[in-house]
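Worksheet for the structure shown next.
The values are calculated or read from the model by the stated rules, or taken from the named source; none is laboratory data. Quantities reported herein were computed from a predicted structural model and do not represent experimental measurements. Every residue, glycine among them, receives a Cβ derived from its backbone with ideal geometry; neighbour counts consider all protein chains shown.
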Amino acid sequence: MKKKTLILMILISAVLLTSCSLIPASKLEAMFGTGGDSVIRSGEAAVKNNDTVVISKEEYEKYRRFADLFDIFDAANESFYQETDQEKMIENAVRGMMVGLDDPYSFYYNPEEYAELWEEDEGNYVGIGVLIQANMESQICTIIRVFKDGPAEKAGVQRGDILYKVGDDLFVNADNLQDAVDIMRGVPDTDVDVTFLRGGEEIKYTITRKPVNVNRVESKMIDQSIGYIALYEFAGQCEKEFENDLNSLIEKGAKGVIIDLRDNTGGWVDQARYIADLFMDKGELCYLKYRNEEVHGDYLTKDGKVDVKIVILINENTASSSEILTGALKDCADAVTVGVNSFGKGIIQGVFTVGDKGAGYQMTVAQYFTPKGSAVHKIGIEPDYEVPLPEGDNGMYDFADTEHDIQLNKAIEVMKETLKLSIPFA
């Protein structure tokens with residue numbers, strides 16, 4: 001499996017065998033249970049008795065905190081009126097621990113979910129071909145991208161539709177969205193019923209599942225001097241695709257580049273750093289504040305950059321790594337922003353494996369700040385030129401639609417003015 005991290009972190013755990021006690025390995029519940037006696041032995045018993053293991057006093061005290069969990073686990077296995085699924089009980093206990101962090105961005109992946117995470121990152125799967133954004137506060141799940149030529153587009157699904165129901169009885173919210181996604185994926189050429197809300201009206205489509213190939217980058221020349229690149233998410237090999245498209249636009253004569261990050265909800269920070277490095281000299285993409293320290297130097301850029309002007313399109317769904325890139329280019333590459341205030345996700349998660357069965361977890365580990373110290377979390381980035389969409393316009397345009405996309409047209413106007421001012425006079 002290809003290994004990536006949102007933040008490169010190596011966790012090394014060690015057991016220090018100091019102040020040791022010997023504890024029966026086969027009956028941990030005997031130590032914690034309210035009705036049993038703890039068994040603690042010392043000396044050389046560990047060598048003679050295969051039922052004991054050595055742990056430190058610190059580890060012993062840590063396990064004691066799980067006494068209630070062990071008691072309930074044992075009670076269910078002994079007294080529940082049906083046969084228990086022990087693996088499911090343990091999995092949900094772990095999920096509950098993550099819920100206890102009270103953070104919508106920290107959660108557990110079982111082995112199947114963790115495998116799907118990397119499958120999604122590679123951009124190939126069987127499904128209906130939509131990108132969904134879940135609002136953890138309102139619980140509403142909104143379609144923010146419909147993949148071109150995919151099953152959903154052919155059925156009539158539009159950007160801005162609210163995912164309401166999958167099948168006959170799964171009413172979708174942010175908490176059960178993964179269940180809905182699992183149903184919408186499946187075997188090629190099989191059908192799934194999906195109901196959306198559009199303008200308060202329920203619209204039901206029967207959509208045929210097909211292989212979906214996610215394109216992360218598109219580009220074209222707007223005119224002889226202005227290039228346009230839409231970056232949809234930070235995943236797969238998007239940074240290399242972006243670099244190739246940027247070089248192609250420059251070769252075609254682009255003096256300025258409009259980077260469209262609207263509806264880009266983020267992804268891998270390393271890819272944001274790579275893209276920022278194309279436009280920045282030696283510097284820093286962002287800096288991080290962990291629980292107990294402020295860290296500079298995790299995401300550095302080096303000398304050497306392309307000589308182009310930059311305008312960035314942002315909207316209310318521009319989040320996370322998109323905001324990191326936008327903030328860095330505003331602070332360090334004189335980028336100008338157009339659109340509406342960005343989402344405001346100014347925290348970073350790490351993705352890690354756990355256990356030996358292929359499971360994993362995602363956890364918020366730090367808050368980030370732009371190179372000049374601006375906070376983003378729950379604030380967002382305010383555009384230099386605010387251009388809200390007219391009422392009733394859901395932004396469902398064709399690529400580089402200069403006929404209908406007023407935000408893109410404003411970005412082009414700003415870029416033309418920027419290039420005009422940058423022309424030297426003799």
Q | Subset of region 341-361 that is more than 21 Å from the chain's Cα centre (by Cα) and not small (Gly, Ala, Ser) - its residue that is surrounded by the most Cβ atoms within 10 Å (Cβ to Cβ) | A | Lys357
Q) Taking the stated definitions as given, is Thr142 free of Cβ contacts under 8 Å to residues at least 24 places away in the same chain, assigned to a strand (DSSP E or B) and surrounded by 17 or more Cβ atoms within 10 Å (Cβ to Cβ)? A) yes
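Residues are listed down the side, and each one gets a yes or a no for (1) in contact with a Ser or Thr (Cβ under 7 Å, 6 or more places away or on another chain); (2) part of a helix (DSSP H, G or I); (3) β-branched (Val, Ile, Thr):
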site	(1), (2), (3)
Glu78	no, yes, no
Gln82	no, no, no
Lys88	no, yes, no
Met98	yes, yes, no
Asp102	no, no, no
Tyr108	no, no, no
Glu112	no, yes, no
Trp118	no, yes, no
Q) Quick one: would you say Ala230 is of a type in the set (Gly, Ala, Ser), in the same structural domain as Met415 (by TED's automatic domain parsing), modelled with pLDDT of 95 or more and not in a strand (DSSP E or B)? A) no
**Q.** Residue under evaluation Phe70, criteria (1) touching a residue at least 60 places away in the same chain (Cβ under 8 Å); (2) within 23 Å of Gly360 (Cα to Cα), criterion not met
**A.** (1)
Q: Would you be able to say whether some residue in region 70-77 is touching a strand residue (DSSP E or B) at 6+ places or on another chain (Cβ under 6 Å) and surrounded by 12 or more Cβ atoms within 10 Å (Cβ to Cβ)?
A: no
**Q.** Among residues of region 236-280, those that are farther than 22 Å from Asn341 by Cβ, modelled with pLDDT of 95 or more and either part of a loop (DSSP other than H, G, I, E, B) or not assigned by TED's automatic domain parsing to the domain that holds Tyr368 (or both), counted
**A.** 5
Q.
I'd like the residue in region 362-384 that is hydroxyl-bearing (Ser, Thr, Tyr) and either buried (at least 21 other Cβ atoms within 10 Å of the Cβ) or not assigned by TED's automatic domain parsing to the domain that holds Leu300 (or both) and, out of all such residues, is farthest from Asn110 (Cα to Cα).
A. Thr370
Q) Phe196 passes all but one of (1) of a type in the set (Phe, Trp, Tyr); (2) free of Cβ contacts under 8 Å to residues at least 60 places away in the same chain; (3) in contact with a helix residue (DSSP H, G or I) (Cβ under 6 Å, 6 or more places away or on another chain); which number fails? A) (3)
Q | Residue satisfying condition, being aromatic (Phe, Trp, Tyr), out of contact with any Leu (no Cβ under 6 Å at 6 or more places or on another chain) and over 30 Å from His296 (Cβ atoms), within set Phe399, Phe369 | A | Phe399
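Answer yes if at least one residue in region 369-390 is more than 28 Å from the chain's Cα centre (by Cα) and among the charged types (D, E, K, R), and no otherwise.
At the first step, the residues of region 369-390 found to be more than 28 Å from the chain's Cα centre (by Cα) are 390.
Retained after the next criterion (residues that are among the charged types (D, E, K, R)): none.
No.
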Q. Taking the condition among the hydroxyl-bearing types (Ser, Thr, Tyr), farther than 26 Å from Gly346 by Cα, part of a strand (DSSP E or B) and modelled with pLDDT of 95 or more, does Ser219 pass?
A. yes
Q: Go through the residues of region 314-333 one by one and say whether even a single one is out of contact with any Asp or Glu (no Cβ under 9 Å at 6 or more places or on another chain) and exposed (fewer than 15 other Cβ atoms within 10 Å of the Cβ).
A: no
Q: Pairs only if they're at least six apart or on different chains, beta carbon under 9 angstrom, first in region 362-387 and over 19 Å from Ala272 (Cβ atoms) and touching a residue at least 40 places away in the same chain (Cβ under 8 Å), second among the aromatic types (Phe, Trp, Tyr) and outside any strand (DSSP E or B); list them, first residue then second.
A: Met363/Tyr105
**Q.** Number of the condition not met by Ile203 [criteria: (1) exposed (fewer than 13 other Cβ atoms within 10 Å of the Cβ); (2) assigned by TED's automatic domain parsing to the domain that holds Gly160; (3) under 24 Å from Tyr397 (Cα atoms)]
**A.** (1)
Q: From (1) among the charged types (D, E, K, R); (2) modelled with pLDDT of 95 or more; (3) part of a helix (DSSP H, G or I), pick out the condition that doesn't hold for Lys420.
A: (2)
